[in-house]
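The block underneath contains the structure these notes are about, expressed in structure tokens.
Laboratory data are not the source of any read-out in this text; all were calculated from the coordinates shown. Everything numeric in this text was worked out from a predicted model, so none of it was measured. In this analysis, Cβ positions are derived from the backbone assuming ideal geometry, glycine residues included, and neighbour counts consider all displayed protein chains.
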Ligand SMILES: Nc1ncnc2c1ncn2[C@@H]1O[C@H](COP(=O)(O)OP(=O)(O)OP(=O)(O)O)[C@@H](O)[C@H]1O
Ligand SMILES: [Mg+2]
């Protein structure tokens, strides 16, 4: 299981194989046949209604066209994978045993420029948007989008601790987001506590639930761990729906107190934010405040994670991901180490959740379904597990991308007025995922940065880093 | 015999069953303090299983594994949870199939090994995250200790390389260095010379002898390579089908007819004939 990196014959063969036309044709034909099989129930007949009668309209022409397209594309894929570009892009066993080059790696390239750049853009974002859009109210859409993206960046960073560092596959992360949101919603509406008191409480409660999830799943590995965390996420959602006395069920909790500027409400009247600072009242003040609030929360998440990586607990997480048995032989209490990973990851989920509640002013179980967990996990996996900047980029792409689709109205000129690009977002999402798995199977930034160096900083190739999952 | 007077490890009536299979059968032996004790036997004899029982990866079906501390107190290893055997019991081990943290650098591997002392120094993370307390100093000391072992294992020039990138021999030495970073009283090595070339094997012997001499660590060693066993061990225990068939100084064991029979795979009656043939 843990053999050192010896190049196996099979791998080398797979990498250096030449383009074999016969095999490619055969495989493409097979794929086309599968497509044909799938088409028969889905595409081959269309039901047309005329009056009270249903007619089956055969569409064999369409099926033939689709099968031909699949055949052709499969052939192209074969030609492509055999080409040199693909061979270079795919991490080969050869690369894994190559000495690490002293020249800067992709990671160093990105981090040198990207981090100050992203930080600068994030800090000035509302100003930039204000200048471009030429008014506070006009920039509302963009600042809202910024808030949404930053929320996912923060969630991605939080989950990155569990999945990326500790290597524990968690499909129920949204449960902690929900715990945080409901903690704030309930504490503030029932006890009238302010956001700044509820925020740490929500984090602590979510961490507590992280431990509760952690205990039963400690013995599980891989797929089993994933399934139980998935079930945990669903359990939390179902409890929120069905415990009507506490959570008001599916109707959710509304009129949650809005964020205040450290006690000064964003209201138009006496003692409001605008009046205190001598500004003209504008609803956007609150939105911009929320933007900076989530930015600070996200940066705290990042800062804490970076720090933890350099502390023994962070190294133990990564060691756990690499080899749990070796960890035990070195006296590391693997139980506690996993629990801290779950708890700290959950805590940041809880912070993000209470931010969500204060922003929306309304929470309902609807917002915490499995798709959320899946998107957060996709952000972590796509970004490159363990890479902070990669996760941030992935969040921008996955959350911001669909918004761009919404604005591609010019496509209607090409495809007709009935065309709504937004309907294709899940299709593009899937296609993007497949493309990623082909080009960068270890995520956008797969290199791992060492947590401590003696003489020289060298990035660690992603092919050596294990994925863990248990 | 020294190992009976001052044993560091006392294994009594150890039995390990896997379903119907008896992998270790009523095994009793002692490993002397400051000795290099070799545990040998043919493939499948149960050597690794003995190691797994000693280091807490298996709970023995029967028997006792006692560690005698320098102050004379006993610690029953089979009652400790797995991770405490290293931390409280001060027993470290390596694995037959190397288990390094291959995506972490060589230096990081050695720091992970010092997890427990560093964890205390970082105030169980709470102080460390705020940057107060003596964590910085403790980490510097940990790096110094890592450097000491890098020097000894001749890995200084690879300190910042990922462990998975090292050649096989280096990985073996790194695994030993990593185990030594936990300051063990007893170091258990599962076939450390497997896959090494003769020169590397010789270097390994030197490393083991210097670990014993400079650090006072006792060593328990599984080895197939007889030249290693005969050169460096003080005491040899031979296992066959989970049962101890011989126990003594290397010279005695080498001439034990039962051992020869076990290794050559002949019936007991034929041993004398075989002995005569090989001139033992
Ligand atoms: N976890 C297990 N479950 C079932 N059987 C096991 C287990 N571990 C070991 N065994 C069996 O116990 C016997 C002894 O195995 P062990 O690995 O201890 O041998 P060994 O002396 O280390 O051999 P080698 O020299 O090949 O390493 C073997 O028959 C093996 O199949
Ligand atoms: Mg073995």
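When only Cα pairs under 8 Å and 6 or more residues apart are kept, what is the percent relative contact order across chain B?
24
Quote the convex hull volume per residue of segment B:189-267, based on C-alpha atoms, as a whole number of Å³.
100
Evaluate the distance, in nm, between pseudo-label points positioned 7 Å from the Cα of residue A:23 and of residue A:292 along their respective Cα→Cβ axes.
6.1
With the crude spin-label approximation of a point 7 Å out along Cα→Cβ, what separation in nm comes out for residue A:54 versus residue B:263?
Computed distance between label sites residue A:54 and residue B:263 equals 8.1 nm.
Does anyone have the angle between helix B:198-215 and the longest principal axis of chain B? Alpha-carbon axes, 0 to 90°, nearest 10?
70
If packing is taken as the mean number of other Cβ atoms within 10 Å per residue, what is the order of A:348-356, B:28-36, highest first?
A:348-356, B:28-36
Listing A:389, A:40 from the residue with the fewest other Cβ atoms within 10 Å to the one with the most, what is the order?
The most exposed by this proxy come first: A:40, A:389.
How high is the relative contact order of chain A, given as a whole-number percent (alpha carbon pairs under 8 Å, six or more residues apart)?
This gives 23 percent for chain A.
Give the separation of the Cα centroids, segment A:138-200 to segment A:401-470, in Å.
When both Cα centres are located, 22 Å separates them.
Specify whether the C-alpha gyration tensor of chain A places it in the rounded, prolate or oblate class, a ≥ b ≥ c being the square roots of the eigenvalues: rounded for a/c under 1.5, otherwise prolate if a/b is larger than b/c and oblate if not.
The shape class here is oblate.
Using only Cα atoms, locate the centre of segment A:226-269 and the centre of segment B:152-178, then give the distance between them in Å, rounded to an integer.
51
Just grab the label-to-label distance for residue A:374 and residue A:264, each label 7 Å out from Cα along the Cβ direction, in nm (one decimal).
The answer from the label model is 4.5 nm.
Compute the angle between helix B:168-180 and the longest alpha-carbon principal axis of chain B, please, reported from 0 to 90 degrees and rounded to the nearest 10.
Relative to chain B, helix B:168-180 is tipped by roughly 70 degrees.
Counting DSSP beta bridges in chain B, what percent are antiparallel, to the nearest 5?
In chain B, DSSP labels about 60 percent of beta bridges as antiparallel.
What's the exposure ranking of A:235, A:460, going from fewest to most Cβ atoms within 10 Å?
A:235, A:460
Averaged over B:155-161, how many beta carbons belonging to a partner chain fall within 10 Å of each residue's beta carbon?
Mean shielding count: 4.
Hey, can you rank A:317-323, B:122-128, B:217-223, A:198-204 by average C-beta count inside 10 Å, highest first?
Those peptides, ordered most packed to least, come out A:317-323, B:217-223, A:198-204, B:122-128.
Once fully extended, how much extra length lies between residue A:231 and residue A:437, figured as 0.36 nm per residue of separation less the alpha-carbon to alpha-carbon distance?
71.5 nm
Is the shape of segment A:121-381 best called rounded, prolate or oblate, per the rule: a/c under 1.5 gives rounded, else a/b larger than b/c gives prolate, else oblate, with a ≥ b ≥ c the square roots of the Cα gyration tensor eigenvalues?
It is prolate, given that a/c is not under 1.5 and a/b is the larger ratio.
Over segment B:99-182, what relative contact order in percent results from Cα pairs under 8 Å that are six or more residues apart?
After rounding, I find 46 percent.
Take every DSSP beta bridge with both residues inside the protein assembly as shown and express the antiparallel ones as a percent of the total, to the nearest 5.
Just about 65 percent of them are antiparallel.
Taking the number of other C-beta atoms within 10 Å as the exposure measure, put B:13, B:235 in order starting with the fewest.
Least to most surrounded, the residues fall as B:13, B:235.
With r as the distance between the Cβ atoms of residue A:255 and residue A:121 and R0 = 45 Å, compute the FRET efficiency 1/(1 + (r/R0)^6) and round to 0.05.
0.85
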